[in-house]
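Read the figures in this text as sums done on the coordinates, not as results from a lab. Values in this document were obtained by computation on a predicted structure and should not be read as measured data. Every residue, glycine among them, receives a Cβ derived from its backbone with ideal geometry; neighbour counts consider all protein chains shown.
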Amino acid sequence: MRLNGRLIRGCRLRVSIARYGKGSTGVNEEGVSKQKLKVIARRRWGEKPSQVSQVRCNKQDQEVVAKLGGEANESFVDWLNRSIICTSSVAWDLGDLSQALAVVGCEKIRALSKYKFILTYPSGLQRDEALQNKDLLVQWFHEVKNWDIYETCDSRRLWIEVFGVPPHGWALKNFERIASIWGQFICLETPIEETVCFDSMRILIESKCFQEVMGHIILQIG
């Protein structure tokens, strides 16, 4: 090295070549499973909240890997043409909805997603009457409209597995905050008070993120 040992502005410059241990590549290997969410939870003394990295769900459009020609299920199209789509802010039980709406002629209720429901009527005429006289429906739903071919489920339920949370951070609020990064918290696989193994916790969430769910989180405790 030409600069090694030279005097620059009164300071002696020393240059050495970095050497890694035997078997090391010099690269930090994360070892993160592609199918699991790994959370590194540690306490950083004196670290300001603004220095903590945050992980956000990638909301970019999904990559189209293929364009396929599909076919319609004609038996489904028959009853869908007699149906309306109702959206709620509450995840209603299908049994409760069926009992409540049977009095207004609703023949069948199906769930399109957690908050979207398909209400089917015996005929197209009865469906139209339900759309025109929807006083009862608005008690259950904030949006009522006719079915069309573009109505799909816009969310999914999935389990995420959280690693690295220390026992003193085993709190429901912490797991709810972790779940909120990718969606809405539903439940834990194991009740916190019944925990006997602290290596990981599985959380069921409702998410509009259809990409692979994984990431590193710094969880500050205390």
- Rounded, prolate or oblate: which fits segment 128-169, taking a ≥ b ≥ c as square roots of the Cα gyration tensor eigenvalues, rounded meaning a/c under 1.5, else prolate when a/b beats b/c? oblate
- Item | Fewest-first sequence of V213, V90 by Cβ atoms within 10 Å of each Cβ | V90, V213
- Task: Treat every Asp and Glu Cβ in segment 82-146 as -1 and every Lys and Arg Cβ as +1, leave all other atoms uncharged, and give the resulting dipole magnitude about the Cα centre to the nearest 20 debye.
- Result: 260
- Debye log10 I(q)/I(0) at q = 0.17, 0.19 Å⁻¹ for segment 82-146, Cα point scatterers: -0.48, -0.60
- Note on the structure: The equivalent-ellipsoid semi-axes of segment 179-222, taken as the square roots of five times the Cα gyration tensor eigenvalues and listed largest first in whole Å, are 21, 15, 10
- Query: If amide H atoms are built 1.01 Å from N in the plane of the peptide, which residues on other chains or at least 5 residues away come under 5 Å of the amide H of G215?
  - Reply: K38
- Item | Share of alpha-carbon pairs per 10 Å distance bin for segment 116-222, given as whole % | 11, 32, 20, 17, 14, 5, 0
